[in-house]
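Right, one structure below, let's go through it.
The values are calculated or read from the model by the stated rules, or taken from the named source; none is laboratory data. Remember, predicted model here, so these are calculated numbers, not experimental data. Note that each Cβ is placed from the backbone with ideal geometry, even for glycine, and that neighbours are counted across all protein chains shown. Just the protein is used for accessible areas: all its heavy atoms, side chains included, with ligands, DNA and RNA removed. Shrake-Rupley method; radii C 1.70, N 1.55, O 1.52, S 1.80 Å.
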Amino acid sequence: MDVTIKVRRFDPDADAPETYWQEFNFEIEDTATVLDALIKIREDMDGTLSMRCSCRSSICGSCAMRINGHACLACKTQARSVMDKENTIIVEPAGVMPVIKDLVVDFDLFWKKIEEVEPYLQPEGPEPEAEYAASNESMLHLSGVTACIMCGACVSDCTVMEVDPTFLGPAALAKAYRFTADPRDGDADGNSIDRLKQLVKPSGMWDCTRCAECVQVCPKGIAPMDRIMALRDQAIEAGIDNSNGARHAEAFVELVGHSGQIDELRLPVKTVGITNIPALMSFLPVGIRALTHGKMPPIFHKNIENVRNLRRLIKKLEEPKQE
Amino acid sequence: MLEHDVLVVGAGLAGMRAAIAARAAGANTAVISKVHPVRSHSNAAQGGINAALVDRGDPWEDHAYDTVKGSDYLGDQDAIELMCRAAGGAVIDMEHMGVTFSRDDDGKLGTRAFGGQGRARTFYVGDFTGQAMLHVMFEQLIKSGVRRYEEWFVTSLIEEDGQVCGVMALEIRTGQLFAIRAKTLIFCTGGLGRVFEPSTNALIVTGDGMALAYNAGARLMDMEMVQYHPTTLAGSGVLISEAARGEGAYLLDKNGDRFMEKYAPNMIELASRDVVSRAEQTEINAGNGVDGCVFLDCRHLGETLIKEKLSQIREIGIDLAGVDMVKDLIPIRPGMHYMMGGIKTDVDGLTNVPGVYAAGECACVSVHGGNRLGANSLLDTIIFGQRSGNHAADACRELEFVEFNVDEAVSREEKRIQAMLDRPQNGDRIASVRLAMGETMNKNLAVYRDQAGMDETLHDLVGLRERYATVPVDSKGRVFNTDLVFALELGFMLDCAETITVSAQDRKDSRGAQARTDFPDRDDENWMKHVTVIKGEAGPDISYLPVTITQWTPETRKY
């Protein structure tokens, strides 16, 4: 079949390096992946095209890039499935990380985040002589996370990292969860309290905005956002609730549980804590802007209709689950 | 000046294991790898890692016997004994490091059956054991504090007065060349799959270390022993794990018959890989396949088992061939997969070149002999990676750095590379030279071989070498010039291709992975020996080494 690959290119060796688009029109097999098409360009048409790729079977994690605007593994994406009516496929380097050349991006930031979570097993007790006893279910659960191939697709399309490079990000937080959820890591009961204390800090687990892009683009079904939510549960269950995130979550439930909707005046106050004067002061400019633009929330917060139904619902949710 | 006591070239499982061991032994250690460590091809090992755990009533001798028999008695039994004895401890070590091995109902490590073995002793993580182990090893590498040169490509070795004393390396990201001085080098560069087309191997698997060592005078051994895996996917040639057959999948011909019953009445689909690949090829040649393939049938295994234990290969089938193994047959054929041969080492990884070590697929101890058992390769990497790291670190205490003129070394290499970049366009392409090499190798050095075919390939290789001398490099820039890297890799691959071909021509019998139609029998009287090759003045020089036999006398193999 005919295909047009439109590639966003960048040559840092050029006299005046700038980004430009180049189109390649050629024949590929019906079952070809986008990577097959790119390799054909590189091998038969233009050897100057740079990209990373290796295994061709979605295990090495080299070929994450944006295809039609979303991060994908090129080797896992059938060309046929992403062509538009004119048989065109748009290929760009991964996002968030700076471009080095063509489709090659700088992963330094990515690996720095991974290293920040101390990504190795840290049992507090002595090692057993034989293997650690563990249930197959617990290992299968972890394998669902360790199957992450570190391709960076989630980081590429993370809407928080795009604006805040200090955020640990979906890959590193999923990696962290891989340890906090490991019965071998941490104390004798498998609780990794020290890790959780680190992860609740600013730029950590509570900075995810739950946009679910990472879940959408992950080629291995790791669902990083779900792992981040599980980290939050672990932190709260472990009583590590002295963080804006935990207070925000608790205030959210409390406020909605009371009136049926968020009280936008109280929520930020409860999140940072009523005694946290500097943080409260930092809300002033936002408040003034809201006021002058007619967006100030009402001072007297009203209940929604039938709020009692909602309260019952929340009460039910908070009851311990019946096994 | 960049300098290290121990410089490990390659950062797959063997390389990282070696580096961690050398660092732990107190040596100033670094790893250099042309890709980030977690991109290494150890990732692709799917099925698992073999070990006889004595506390499960599985004596290591049984594992060793299966390995010796699998090797068609060409493996060195002292090395095999050593590996199998250490296997249990090595697997437990990996578990302690954090590998999420599958468990049994008692919470202990669970096993699955694998080819050519008397009992189930393969420990596994789904069907991505290599990836699981590689990422854990990388975690340990981070913890160890070993210096990492990531995306640095070794272009040549530096020798002074006949002594290897470092490497020249290209920092791919900047295109800058550096000399790195080292007291000892450990090659852990993996296999050479891309010498063949198609191959299950990743695009980075280009025999760099074997060629670098060979050109520095190292002895290569068993280079004729190229494993064709029985189940590679039609079309792309990507691997479909032996774990499928380990879990009970059948091989069917076009009539739906389990043809392996004819060839291996006891083990059937779980005979050793050479036996199964030959059977498949025989059936395909006899017209009992469809489009050059036979079929892998997993349908009776059920969706639940497939999802839990074979999820990755199911995904591969769907993505690359449009077949869902839960309900469809998978068209498969034998495909080039693994190199049993490599840089000849002793059990400590040491080669015949002072200061140079090798471990993993690029090395040949030899524990695989004529045919490697499935799930013995991961074991090989961690056992001999660790041993070579330990030994190199010890050796460094007695060694001094060899002085050499760094500027001269850099400028010499700079000139060589600039000359490659400056070659004028002549209509030829790097990829077409590589493809021609891969096709002639896959035509004449595949499952069945004969003299005429191998002569043809050797002749082809001479022509390809001529083309290689003038083939242009499209990309002239320095930053992330992958075209230049491919050109350099192609040179390494041509060296490897030649050593494979001359070794296979020399061995005049059929043993393990080498099946010659003109010498169809195993000839223990004349050929129970290793074929080795050293680079001579006029090309490869063949000589022989004896096979070490300790307790298992060679006998006819039956599965």
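Determine the shielding of peptide A:7-13 by partner chains: average, over its residues, the number of Cβ atoms on other chains within 10 angstrom of each Cβ.
Mean partner shielding for this stretch: 3.
Gap in Å between the Cα centre of region B:176-245 and the Cα centre of region B:271-309?
25
For region B:133-152, list whatever residues lose no less than 40 Å² of accessible surface once every protein chain is in place, relative to that chain by itself, with the probe at 1.4 Å.
Those are B:His135, B:Glu139, B:Ile142, B:Lys143, which lose 40 Å² or more relative to the chain on its own.
Normalised by the residues of chain B, what does the relative contact order come to in percent, with Cα pairs under 8 Å and at least six apart?
The normalised contact order for chain B reaches 22 percent.
Rounded, prolate or oblate for region B:370-470? Axes are the square roots of the Cα gyration tensor eigenvalues, ordered a ≥ b ≥ c, and the cut-off for rounded is a/c under 1.5.
Oblate is the answer for region B:370-470, as a/c is 1.5 or above yet b/c matches or exceeds a/b.
Provide the per-residue ³J(HN,Hα) series for region B:406-420, in order, calculated from phi with Karplus coefficients 6.51, -1.76, 1.60 and θ = phi - 60°, each as a whole number of Hz, with x at glycine and proline positions.
With coefficients 6.51, -1.76 and 1.60, one gets 5, 4, 5, 4, 5, 6, 4, 5, 4, 5, 4, 6, 4, 4, 5 Hz.
State the Cα centre-to-centre distance between region B:397-436 and region A:21-66 in whole Å.
Rounded to whole Å, the Cα centres lie 26 Å apart.
How crowded by other chains is B:472-479, given as the mean number of beta carbons from other chains within 10 Å of each beta carbon?
Mean number of neighbouring Cβ atoms from other chains: 5.
Amide H neighbours of B:Ala182 under 5 Å, at least 5 residues apart or on other chains, H built in the peptide plane: list them.
Those lying under 5 Å, H to H, from B:Ala182 are B:His4, B:Gly166, B:Val167.
Relative contact order of chain A, please, whole-number percent, based on alpha carbon pairs below 8 angstrom and at least 6 residues apart.
Relative contact order comes out at 12 percent.
Sort B:357-369, B:479-491 for me by packing, meaning the mean count of neighbouring Cβ atoms within 10 Å per residue, highest on top.
In descending order of packing, they fall as B:357-369, B:479-491.
For A:144-154, what's the mean count of beta carbons from other chains sitting within 10 Å of each residue's beta carbon?
4
Averaging the inverse of every distinct alpha carbon separation and then flipping it gives the Kirkwood radius. What is it for the protein assembly as shown, in angstrom units?
Over the protein assembly as shown, the inverse of the mean reciprocal pair distance is 28.8 Å.
Projecting each Cα onto the charge dipole of the protein assembly as shown (Lys/Arg +1, Asp/Glu -1 at the beta carbon, about the Cα centre), which of B:Val290, B:Thr501, B:His96 comes out farthest on the positive side?
Final value for the positive-end residue is B:His96.
Taking the Cα centre of the protein assembly as shown as origin, sum charge times position over the Cβ atoms of Lys and Arg (+1) and Asp and Glu (-1), and report the length of that vector in debye to the nearest 20.
2280
Which translational diffusion coefficient, to the nearest whole µm²/s, is obtained for region A:108-237 from the Stokes-Einstein equation, given a Kirkwood hydrodynamic radius over C-alpha pairs, 10 °C and 1.306 mPa s?
It comes out at roughly 107 µm²/s.
At 1.4 Å probe radius, can you tell me the per residue accessible area of the protein assembly as shown in Å²?
For the protein assembly as shown, the solvent-accessible area averages 39 Å² per residue.
Which listed residue (A:His258, B:Ala30, B:Val485) has the Cα farthest towards the positive end of the charge dipole for the protein assembly as shown, taking +1 on Lys and Arg C-beta and -1 on Asp and Glu C-beta about the Cα centre?
Of the candidates, A:His258 comes out farthest on the positive side.
So how far, in whole Å, is the C-alpha centre of region B:364-393 from the one of region A:253-273?
What the calculation gives is 61 Å, centre to centre.
Under the Karplus relation 6.51 cos²θ - 1.76 cosθ + 1.60, θ = phi - 60°, what is the ordered set of whole-Hz ³J(HN,Hα) values for region A:131-139, x standing for Gly and Pro?
With coefficients 6.51, -1.76 and 1.60, one gets 5, 5, 6, 7, 7, 4, 4, 5, 6 Hz.
How many percent of the accessible area of the protein assembly as shown is carbon or sulfur, using a 1.4 Å probe?
That fraction is 51 percent.
5 Å is the cut-off here: which amide hydrogens, built 1.01 Å from N in the peptide plane, fall below it relative to B:Asn28, excluding neighbours closer than 5 in sequence?
Those qualifying (amide H under 5 Å, at least 5 residues apart or on another chain) are B:Asp5, B:Val6.
Mind ranking B:410-416, B:58-64, A:288-294, B:535-541 by how tightly packed they are, going by the mean number of other C-beta atoms within 10 angstrom, highest first?
Result, highest mean first: B:58-64, B:410-416, B:535-541, A:288-294.
Calculate one ³J(HN,Hα) per residue across region B:222-235 by plugging θ = phi - 60° into the Karplus curve 6.51 cos²θ - 1.76 cosθ + 1.60, and present them in order as whole Hz with x for glycine and proline.
In residue order, the calculated couplings are 6, 5, 6, 8, 10, 7, 9, 7, x, 10, 10, 5, 3, x Hz.
At 222 nm, what helix-only mean residue ellipticity would chain B give, in deg cm²/dmol to the nearest 500, using -39500 (n - 2.57) for each DSSP H run of four or more?
Value at 222 nm, helices only: -11500 deg cm²/dmol.
Rounded if a/c is under 1.5, else prolate if a/b is larger than b/c, else oblate: which is region A:244-318, with a ≥ b ≥ c the root eigenvalues of its Cα gyration tensor?
Cα axes put region A:244-318 in the oblate bin.
Have a look at A:Pro170, A:Pro219, A:Pro268 and tell me which one the Gaussian network model of chain A (Cα, springs below 10 Å) gives the largest fluctuation.
Largest GNM mean-square fluctuation: A:Pro268.
Show the residues, 5+ positions off or on another chain, whose built amide H is closer than 5 Å to the amide H of A:Thr88.
A:Thr4
Of B:Ala515, B:Ile158, B:Gly12, which is farthest towards the positive pole of the protein assembly as shown's charge dipole, taken about the Cα centre with +1 and -1 on the beta-carbons of Lys, Arg and Asp, Glu respectively?
Positive-end residue among those listed: B:Gly12.
Leaving out ligands, DNA and RNA, calculate the buried accessible area for the pair A and B with a 1.4 Å probe, summed over both sides, in Å² to the nearest 100.
Summed over both sides, the interface buries about 5000 Å².
Per-residue counts of other Cβ atoms within 10 Å, averaged by peptide: what ranking do you get for A:146-156, B:244-254, B:324-334, highest first?
By packing density, highest mean first, the sequence is A:146-156, B:244-254, B:324-334.
Among rounded, prolate and oblate, which fits region B:52-100 when a ≥ b ≥ c are the square roots of the eigenvalues of its C-alpha gyration tensor, a/c under 1.5 means rounded, and a/b larger than b/c means prolate?
prolate
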